[in-house]
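Novice: Input: one structure, supplied below.
The values are calculated or read from the model by the stated rules, or taken from the named source; none is laboratory data. It should be emphasised that the depicted structure is a prediction, and the values quoted were computed from it without experimental measurement. Positions of Cβ are generated from backbone atoms using ideal geometry, with glycine treated the same way; all protein chains shown enter the neighbour counts. For the accessible areas, the whole protein counts, side chains as well, though only heavy atoms, and no ligand, DNA or RNA atoms are used. Shrake-Rupley method; radii C 1.70, N 1.55, O 1.52, S 1.80 Å.
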Amino acid sequence: MTTQVAETGHDDHAHGPAKGITRWLFTTNHKDIGSMYLIFSLIMLFIGGSMAFVIRAELFQPGLQLVEPNFFNQMITMHGLIMVFGAVMPAFVGLANWMIPLMIGAPDMALPRLNNLSFWILPFAFSMMMVTLFMDGGGPNFGWTFYAPLSTTYAPPSVTFFIFAIHMMGASSIMGAINVVVTIVNMRAPGMGYMKMPMFCWTWLITAFLLIAVMPVLAGVVTMMLMDIHFGTSFFDAGGGGDPVLFQHVFWFFGHPEVYIMILPSFGVVSQVIPTFARKKLFGYHSMVYAIIAIAVLSFVVWAHHMFTVGMPLAGELFFMYTTMLIAVPTGVKIFNWVSTMFKGSMTFETPMLYSIAFVILFTIGGLSGIMLALAPVDFVYHDTYFVVAHFHYVLVPGAIFGIFAAVYYWLPKWSGKMYDEGLAKFHFWVSFVGLNLTFFPMHFVGLAGMPRRIPDYPLQFADFNMIVSVGAFLFGTSQLIFVFILIKTLRSGKAAPQSPWESAEGLEWTIPSPAPYHTFATPPKVD
Amino acid sequence: MKLARPLPLALICVAMFGFGFLLVPIYTVFCEWTGINGKTSGAYEASTAELNVEERTIKVQFVSNHNANLGWPFKPVEEQVSVKLGEKRQVMFNVINPTNAPVVAQAVPSVAPSEAAPFLHKIECFCFEQQDLLAGENKNMPLLFFVDSDLPEHITKLTLSYTLFDVTPEADSLAQR
Amino acid sequence: MLQNVRILSVLLAFFPALAWSEWEVNMTRGVTDTSAAIYDLHMIVFYICVVISIVVFGVMFWSMYHHRKSKGAEPHPFHESSTIEILWTIVPLIILIVILVPATKTLIQTYDTAESDIDIQVTGYQWKWRYKYIGQDVDFFSVITTPSDEIYNKAEKNPNYLLEVDRPLVLPINKKIRFLFTSNDVIHAWWVPALALKKDAIPGFINESSTKINEPGIYRGQCAELCGKDHGFMPIVIKAVTESEYVAWVAEQKALKQKEASASQKDWSMEELMAKGEEVYNKNCSACHQPTGVGLPPVFPALKDSPIALGPIQDHMDIVFSGKAGTGMSAYGEQLSAVELAAVVTYERNAWGNNVGDKLLPADVEKLKGGK
């Protein structure tokens, strides 16, 4: 069957890209769509980042200086939503679009028109979400977790637009995920069994299943909100027999797998990059695959560890504490495997490798604070403080974002046919690395000392660390302009990249010319 | 590419929708069964047989709240009673509607510790139905309950809380303002 | 030495905040047995995490240093070893079990079900706390007292900035205190670090938690669940006192209540009501309706020239008393005393150019409170 698809694809599309804007509007080419996803997510990264600037500027010193508390709440909400749904997830879908067909030797994604649709929903969804900021009563101001009843009975009127935007993002993600699953299941090159797939494809396959499983749950929970707000139901209103805690259960049943959705593809990227620069095969391929599957399965039974303080019975707390701790085991296996891949290798430290190493170190720190947070009794103190903020930024920024940077630097020569400026890229790395740690490490301290999250102003004892955090955030944020500069410089005047710019990179993507032609693998390659 | 096995796929879709649809009732049943969130069950279907009254006594505390937009005095007449396990007891809650318009209120019960919720049985309760309160009305509302003799040993005091919600239909509340 | 001082002072100039705070980097050990147990558990896990990271990063940095291509390292082509892979699945499992034993013990300790001496109902409101001592007839709201001039940087901030309230929660030491948490509107979370106690206050439900304070003192905390605009401005202050002081305090509260009741029977003059009203307004209303009555439309309407403040006094009273459904206007009927209610309504009708000229007497409010 795979051959058949490949051949028809060849006959229908034996021409280059269309000219002008229609190329981007109507494209069904996985590379074009991948690029659009990546550019979209970069724009969102800057929008979400500028909101973080507003937050950190307000928190630079105690007192209210720049914004009113209500606007501050809108900023933290939008920052979270945009970074999660606008920056990280589309970037991963973009990488999947670009790389999965190249890695498994397929001519394109299995469902190209669906692919186009799933991208083009996003700009509309995010425009709708962001215009709420200019509406009467302001945009969503209830945090990215939008706990009821703050987000239902007490929400600004714009919440309806927010719900519709979430529905659209969800639809887009589900379509993207279905596309990935169908592509990987049906379109692998002859001879490429599941256990021969590159790790990036494996992580994305699992991620796609997670997305298909939980995005409908998110859609469900926002639909319940919509019904409560406009149609007189009381899912989350105790007055009509509902329960506000039900919201949290449903939300986190989506939310916890969601955080793995945001980290698994990064695991995949790092598992591609580290072997290349250690000049050694990935250690423990099989256990890596089993570990991802174990993490994905466990992610469905740990959700209530986000809710240790809602007043669960002892048995519930114990159950969720134990299952959460269990996740540390497969995650540990992955980290040990990466370290052993480096062990006795022959390492060089190009930018993708630097990002991957930073990923392993900083993600481990985030993972360890995760173990601390998993302990229910101590979580009574950590819960909803800056310690939590530090934890999830440590897993998401060096986790997801650094993974994406590693991927971009690693595959940019393949995409553009040009080499990036290694010196500048290393500079970008080191500034980001310092900025990131300066931003998020002191958050552990203020959190432990007792600073709650999501507050626009704070008592004086947290002043020093907050100032450092803000300085770090400005550094980290501004340093991303270097990244944009590097991208532009590469595209305009980068040196031509060879077919395989990395000394010992393995995989089908390096068997095609750089830049990758508009159509690749019209005839499937043979994998032995 | 031919769609493989349409029937199982359709069944999966139906099952997924069904699961989503049933999420709320399942949660309610689950919570009632385990008493996870301190929700008490509905009216106790009293069997005519005499209840087995035990010597062990337990303190039952009553607290009252009201949801936002209700500044009404609403309190238990007795804040705490001691009852024997299995003994039926009637207590009163007093509510005053100080506004000059009729309102409809719904009381929502909750028990702490939530572990005790399945053992508190209400035979009659003002929370079973919505309460109409005339303008300026001062009303005593009854609760007839007993505590199950299967209550775990370590619980010596339990608290029953009622939160009063304003559920006056939208149209009426607009007319009165 | 002198040079060091000079460098230090330059650094100090960079961090003016340094003067305000000590560099607090860790959790407090707290003043209860539970909080100490939690602190100990936190430290145990922290040290275990430190050891794990030293081992993992040690191996990693060692190989990054020694197995560099530039040092001429040759790659060793091993890439699988069942023994070692099983080993590093089992070892973390064992470490986890080692952590889980004390964690489970501590968790069970926090669920202590022994009977309590004092029960206090804690209700979260947007944006204040209400404490009701069950069976004691003591019931009051606790509202932030940090002046808005300090928040908006027009005045120097005091050391308890954002952590000060008008009426602290007074608790006796060495008594088991059981809290019952609930909320009037959205979900709040009551958190006092020194007690290591954080519990969500959920509308329509009650949650319980208990504590036993070992040392007298003043302990401060904040709301920990985003609850709207002024989430950052609803602190908690606990004053832990000896038992005898506590008994005296309860008696004093009861006397105060009596005095308040008699005050409402007095015939208040317009000037008295206006003065009292301004005070009450600035404490309770000005966050939304603004000190000059202009509000923050469209969410928080203006009171200046508003049809309600200029309309019939009964309707004005109703809205203050019962709030307005679906808006941020909560019911003040129970939050304020009869005198305060009468004063604030009178004030709103006669301030900032509003000039109705009538006044509401505390005695009338008292009648309303008791039903007709």
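Novice: Report, in degrees rounded to the nearest 10, the 0 to 90 angle that the Cα long axis of helix A:314-342 makes with the longest principal axis of chain A.
Specialist: Long axis of A:314-342 versus the principal axis of chain A: about 30 degrees.
Novice: Roughly how big is the range A:345-469's charge dipole about its Cα centre, with Cβ charges of +1 (Lys, Arg) and -1 (Asp, Glu), in debye to the nearest 20?
Specialist: Taking the Cα centre of the range A:345-469 as origin, the dipole is about 260 debye.
Novice: While we're on this one: Quick one: order C:MET274, A:MET129 from most to least accessible surface, probe 1.4 Å.
Specialist: In descending accessible area the options line up as C:MET274, A:MET129.
Novice: Residues of the range A:23-64 that become at least 10 Å² less accessible with every protein chain present than in their own chain isolated, using 1.4 Å: which are they?
Specialist: Residues shielded by partner chains are A:GLN61, A:PRO62, A:GLY63, A:LEU64.
Novice: Still on this structure, please answer the following. Set Lys and Arg Cβ to +1 and Asp and Glu Cβ to -1, take the dipole of the protein assembly as shown about its Cα centre, and tell me which of B:ALA101, A:LEU117, B:LEU158 lies farthest positive.
Specialist: About the Cα centre, the residue reaching furthest to the positive side is A:LEU117.
Novice: How long is the range C:33-110 along each principal axis, judged by its Cα atoms, biggest number first, in Å?
Specialist: 58, 26, 9
Novice: Another one. Rounded to the nearest percent, how much of the accessible area of chain A (1.4 Å probe, protein heavy atoms only) is carbon and sulfur?
Specialist: With neighbouring chains kept in place, the figure for chain A is 72 percent.
Novice: Taking the Cα centre of the range C:266-369 as the origin, how large is its charge dipole in debye, to the nearest 20, when only Lys and Arg (+1) and Asp and Glu (-1) carry charge on their Cβ atoms?
Specialist: For the range C:266-369, the charge dipole is close to 200 debye.
Novice: Please compute the per residue accessible area over the protein assembly as shown with all protein chains in place, 1.4 Å probe, rounded to a whole number of Å².
Specialist: Accessible area per residue: 39 Å².
Novice: About its Cα centre, how strong a charge dipole does the range C:127-245 have in debye, to the nearest 20, once Lys and Arg get +1 and Asp and Glu get -1 at the Cβ?
Specialist: In debye, rounded to 20, the range C:127-245 gives about 280.
Novice: Percent antiparallel among DSSP beta bridges with both residues in chain C, to the nearest 5?
Specialist: Bridges in chain C are about 70 percent antiparallel.
Novice: Between 0 and 90 degrees, rounded to the nearest ten: what's the tilt of helix A:112-131 against the longest Cα principal axis of chain A?
Specialist: 30
Novice: Connecting C-alpha atoms closer than 10 Å in a GNM of chain C, tell me which of C:LEU303, C:LEU107, C:LEU96 has the biggest fluctuation.
Specialist: C:LEU96
Novice: Tell me the total accessible area that C and B bury against each other, 1.4 angstrom probe, in square angstrom rounded to 100.
Specialist: The contact between B and C buries close to 3000 Å².
Novice: Next up: Quick one: pull the percent of accessible area on the range B:57-176 belonging to carbon and sulfur, 1.4 Å probe, ligands and nucleic acids left out.
Specialist: Carbon and sulfur atoms account for 49 percent of the accessible area of the range B:57-176.
Novice: How do C:ASP267, A:ASP237 rank by accessible surface area computed with a 1.4 Å probe, from largest to smallest?
Specialist: Listed by decreasing accessible area, they come as C:ASP267, A:ASP237.
Novice: Restricting the count to DSSP beta bridges whose residues both fall in the protein assembly as shown, what percent are antiparallel, rounded to a multiple of 5?
Specialist: 75
Novice: Excluding ligands and nucleic acids, what accessible area in Å² is computed for C:ASP364 using a 1.4 Å probe, to the nearest 10?
Specialist: Number for this one is 70 Å².
Novice: Restricting to bridges with both residues inside the range C:116-186, how much of the DSSP beta-bridge set is antiparallel, in percent to the nearest 5?
Specialist: Taking every DSSP beta bridge with both residues in the range C:116-186, the antiparallel ones total about 65 percent.
Novice: Once the Cα atoms of the range C:266-369 are picked out, what are the Rg and Dmax in Å?
Specialist: 12.3, 39
Novice: By the gyration tensor of its Cα atoms, with a ≥ b ≥ c the square roots of the eigenvalues, what is the shape of the range C:79-177: rounded for a/c under 1.5, prolate for a/b over b/c, or oblate?
Specialist: It is oblate, given that a/c is not under 1.5 and a/b is not larger than b/c.
Novice: Now for a separate question. Over the alpha-carbon set of the range A:398-528, work out the extent along each principal axis and list the three values in angstrom, largest first.
Specialist: So the three principal-axis extents are 65, 34, 24 Å.
Novice: So how long is each side of the range C:118-258 along the principal axes, counting just the alpha-carbon atoms, biggest first, in Å?
Specialist: If we take the Cα atoms of the range C:118-258, the spans are 41, 34, 33 Å.
Novice: Now for a different question. Write down the radius of gyration of the range A:171-297 and its Dmax, each obtained from C-alpha positions, in Å.
Specialist: 19.0, 63
Novice: Still on this structure, please answer the following. Kirkwood Rh, Cα Rg: Rg to Rh for chain A?
Specialist: Answer for chain A: 0.96.
Novice: Leaving out ligands, DNA and RNA, what percent of the accessible area of the range C:118-258 is carbon and sulfur, probe 1.4 Å?
Specialist: Accessible surface attributable to carbon and sulfur in the range C:118-258 totals 49 percent.
Novice: On to the next question. For the range C:39-59, which residues drop by 20 square angstrom or more in accessible area between the chain on its own and all protein chains together (1.4 Å probe)?
Specialist: C:LEU41, C:HIS42, C:VAL45, C:CYS49, C:ILE52, C:VAL56, C:PHE57, C:VAL59
Novice: Roughly how large is the C-A contact in terms of buried accessible area, totalled over both chains, probe 1.4 Å, nearest 100 Å²?
Specialist: Roughly 8500 Å² of accessible surface disappears when C and A pair.
Novice: Right, next: Could you give me D for chain C, from Stokes-Einstein at 20 °C and 1.002 mPa s, where the hydrodynamic radius is the Kirkwood radius over C-alpha pairs? Units µm² s⁻¹, please.
Specialist: It diffuses with D of about 85 µm²/s by this estimate.
Novice: Once the whole set of protein chains is in place, how much accessible area is left on A:HIS444, using a 1.4 Å probe, in Å² to the nearest 10?
Specialist: 20
Novice: Something else now. Say we join alpha carbon atoms closer than 10 Å with springs in a Gaussian network model of chain C; which of C:GLN136, C:GLN314, C:GLN253 then has the biggest fluctuation?
Specialist: Largest GNM mean-square fluctuation: C:GLN314.
Novice: Grab the eigenvalues of the alpha-carbon gyration tensor for the range B:57-176, scale each by 5, take roots, and send me the semi-axes largest first in whole angstrom.
Specialist: They are 30, 13, 11 Å, listed from largest to smallest.
Novice: How much space per residue, in cubic angstrom, does the convex hull of the C-alpha atoms of the range C:70-132 take up?
Specialist: Dividing the Cα hull volume of the range C:70-132 by its residues yields 260 Å³.
Novice: OK, next. How much of the pair distance distribution for the protein assembly as shown lies past 38 Å, counting alpha-carbon pairs only, in percent?
Specialist: Here the long-distance tail beyond 38 Å is 52 percent of all Cα pairs in the protein assembly as shown.
Novice: Next question. Just to be sure I understand the rule: take each whole DSSP H helix in chain C, project its Cα atoms onto its long axis, keep it if the span is 15 Å or more and its mean Kyte-Doolittle hydropathy is at least 0.0. Which ones pass?
Specialist: C:2-14, C:33-66, C:82-110, C:338-350
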